[in-house]
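Single-structure report; data block below.
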Amino acid sequence: MSKKTTSFRTSVMITKEEALAVQARQIEHYAPIYGEWLREAVAKATTAEALESGVEYDMVTINRHIPRGGQIEALIPEKVEAERRIKEGMNED
């Protein structure tokens, strides 16, 4: 992982392989909790084959092709429902 600085912002750069490694660790965390179906759901949402190996990409590009973190959580109905309840509770005040 590296940082690329332009005149306007700094972009974090990461390879497809690094992003897939992060994704794999996160799936290993979530699958035992929410079910093995999650592996297939993440695989269907992943289009890493569109990216070249060994090339660093900005996070926007990586996020389009390799779901991680919140993108994986968005595939889990229980997590989505919990977030909805939290937001509704915040709006009750």
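The values are calculated or read from the model by the stated rules, or taken from the named source; none is laboratory data. These figures come from a predicted structure and were not determined experimentally. Every residue, glycine among them, receives a Cβ derived from its backbone with ideal geometry; neighbour counts consider all protein chains shown.
The residue of region 74-93 that is nearest to Tyr30 (Cα to Cα), among those that are over 16 Å from the mean Cα position of the chain (by Cα) and outside any helix (DSSP H, G or I), is Glu92.
Scanning region 33-62 for residues that are within 13 Å of the chain's Cα centre (by Cα) and at pLDDT below 95 yields Met59, Val60.
I'd like the full set of residues that are assigned to a helix (DSSP H, G or I) and charged (D, E, K, R), limited to region 11-43. Within region 11-43, Lys16, Glu17, Glu18, Arg25, Glu28, Arg39, Glu40 meet the criteria. Restricting Thr61, Thr46 to residues that are in contact with a Pro (Cβ under 7 Å, 6 or more places away or on another chain) and either on the phi < 0 side of the Ramachandran plot or of a type in the set (Phe, Trp, Tyr) (or both) narrows the list to Thr46. Of all residue pairs spaced 6 or more apart or on separate chains, none has beta-carbon atoms under 7 Å together with a first member in region 12-34 that is touching a residue at least 60 places away in the same chain (Cβ under 8 Å) and a second member that is in a helix (DSSP H, G or I).
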